[in-house]
1. What does the extension gain come out to for Gln267 and Gln100, with contour length at 0.36 nm per residue minus their alpha carbon separation?
2. In whole percent, how big is the carbon plus sulfur part of the accessible area of region 166-297, probe 1.4 Å, protein atoms only?
3. Can you give the extra length, in nm with one decimal, that the chain gains between Ile296 and Leu312 once fully stretched, where that is 0.36 nm per residue apart less the Cα-Cα distance?
4. Let me know the Kirkwood hydrodynamic radius for region 149-204, please, with Cα pairs as the basis and the value in Å to one decimal.
5. Mind jotting down the distance between the C-alpha centroids of region 358-424 and region 266-336, whole Å?
6. What trypsin sites (Lys or Arg not before Pro) does region 151-249 have in DSSP loop regions with at most 16 other beta carbons within 10 Å?
7. In region 153-206, which GluC sites (Glu not before Pro) are in a loop and have at most 16 other Cβ atoms within 10 Å, using DSSP for the loop call?
8. Could you tell me how far the Cα centroid of region 46-100 sits from the Cα centroid of region 209-225, in Å?
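The values are calculated or read from the model by the stated rules, or taken from the named source; none is laboratory data. Not measured: the values here are computed from a predicted model. No Cβ is skipped: glycine too gets one built from the backbone with ideal geometry, and neighbour counts run over all protein chains shown. With ligands, DNA and RNA removed, areas are computed over all heavy atoms of the protein, side chains included. Shrake-Rupley method; radii C 1.70, N 1.55, O 1.52, S 1.80 Å.
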Amino acid sequence: MIRQFIKHIFLKKKTPFTLNKNSSNTTVIQPSQLVKKPTIWGKSSHQIDQKLLSHNAVNVCQVLQKKGFQAFIVGGAVRDLLLGKRPKDFDVATDAKPEQIRQAFRRARIIGRRFQIVHVMFGAETIEVSTFRAFNQIGAETDEHGRVLRDNVFGKQNEDGARRDFTINAMYYDPKTETVWDYHHGMEDIQAGVLRMIGDPGTRYREDPVRMLRAIRFANKLQLKIDPATLEPIAKMASLIQNVPAARLFDEMTKLLSSGQAMACIQGLRQAGLHQGTFPLLDLILNHKQGQPFLIEALRRTDERVHDDKPLSLGFLFACLLWPLTLERWEKKQESNSQKFPALLETIDELIYEQSQQLSIPKRITADMREIWAFQPRFEKRNGTQPFRMIEHPRFRACLDFLELRTFAKEIDSELANWWRLFYDGDNTTRTRLQAEVKDSQTNGKKKPNKRKRKNNSTRQPQNAATNSQANLSSSTNTTNNHDDES
Ligand code: ATP
Ligand code: MG
């Protein structure tokens, strides 16, 4: 009804929802999304499981409501609750101003310069509280592509609802009355399993191209069907992603990869036409044929960790994503006679520099990536005291997991990773035995009669692939893999 009414009022001139640009780079946004009254769903309609609620988020709402403000759990948390999932974080929206919110809580701080929000801290949990934002009808400042640069005016709840991206993300839950306030038919869409943009999708993507990536992420993560009108403009508008600041792209890429459906999301981006040229890292992932087994396994393990509620290391994840390219370039450098370890360090520097230009990977993450990659050739040194020092390294486990992943992708022989796993898990006796075994196999395998006269030069054993660095580092095409546990 409301939808029809709005269509009647705003679309009667048969003018589609358009973006009018004036000379001063401001975008006049037509207010067709502004719904005055929400549908309010009672407990029997929404059936939100109280056990999935965060006590802290409820507490934040109660405190603000007692002070006479409106306060609701909002956005993704309401969507997840309606889908019967436990939200990973909770946001609260209110008509209280940032300073009023801050004063209401003992541990709260205002963050953000452009648009202030308040973080209310409860031990490990932080509730993000934001003041309703206005739907700027006069004109929002944009860049030359229509991307909204500034939107920092406070407003009413219905305006706040209209500014949100998808109908299912624009619902407000009042824990006191246990009602869901729905301005854009989000409940219907949730029930129908549809992801639908609020307002005209093309306009909303132009305002913020990251919404295209969010559409693909939510559709895959929550198994929703993207409404055809919401999907349709994406392929045409994909290039707008290039204008998004690198730090935001990195954030979104991270959310996508840790959604629990990383591979499905990446395939979704490809299907929607969002990969080529727009997201350089995705080009690399999707087009690196030789690296596919490694990447597929890395993403599968990532999804598995998310489903098992295990923490994800972004350093590890990005090290995986860029590894096929690192390996390829490292091998090329070695072919042109660069020494192995310096060649690796040079490759790492180059790659990290290139990626930072496009994706703005934070330094702490590139530091982890660097460590994991640079550790790989060190695994070949199994004699002496070095292995003992290596296992003491704080990132050793991650480096070993990475080595095991390479083994899985048949990039190197499994014997090496198995040896290290046993060495790491073993006691000192086991470690000494393992080192002795390696020494034996090396002595047998590396006999070079012309170097020094040896006592026994009768049977020359085949060189162990795991101790042959060139064999280890060559691509998946020419490795002879042995997946037996040898140690
Ligand atoms: P998740 O936290 O699972 O990624 P979410 O929907 O909670 O999903 P957030 O990035 O936490 O995503 O954003 C919280 C809410 O803010 C969203 O539900 C949506 O209402 C609004 N929002 C976030 N990003 C945008 C955007 N780019 N455009 C419009 N609204 C947005
Ligand atoms: Mg969220």
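1. Numbers: separation 167, 0.36 × 167 = 60.12 nm, distance 4.47 nm.
In short, 55.7 nm is gained.
2. Values: 2310 of 4530 Å².
After summing per-atom areas, the C and S share lands at 51 percent.
3. Numbers: separation 16, 0.36 × 16 = 5.76 nm, distance 1.65 nm.
Answer, rounded to one decimal: 4.1 nm.
4. Values: mean 1/r = 0.0816 Å⁻¹.
It works out to 12.3 Å.
5. After rounding, the separation between the Cα centres reads 17 Å.
6. Details: sites: Lys156, Arg163, Arg164, Lys176, Arg196, Arg204, Arg206, Arg211, Arg214, Arg217, Lys221, Lys225, Lys236, Arg248; in loops: Lys156, Arg164, Lys176, Arg196.
Passing both the DSSP loop test and the Cβ count: Lys156, Lys176.
7. On the way: sites: Glu159, Glu178, Glu188; in loops: Glu178.
Answer in residue order: Glu178.
8. That distance is 23 Å.
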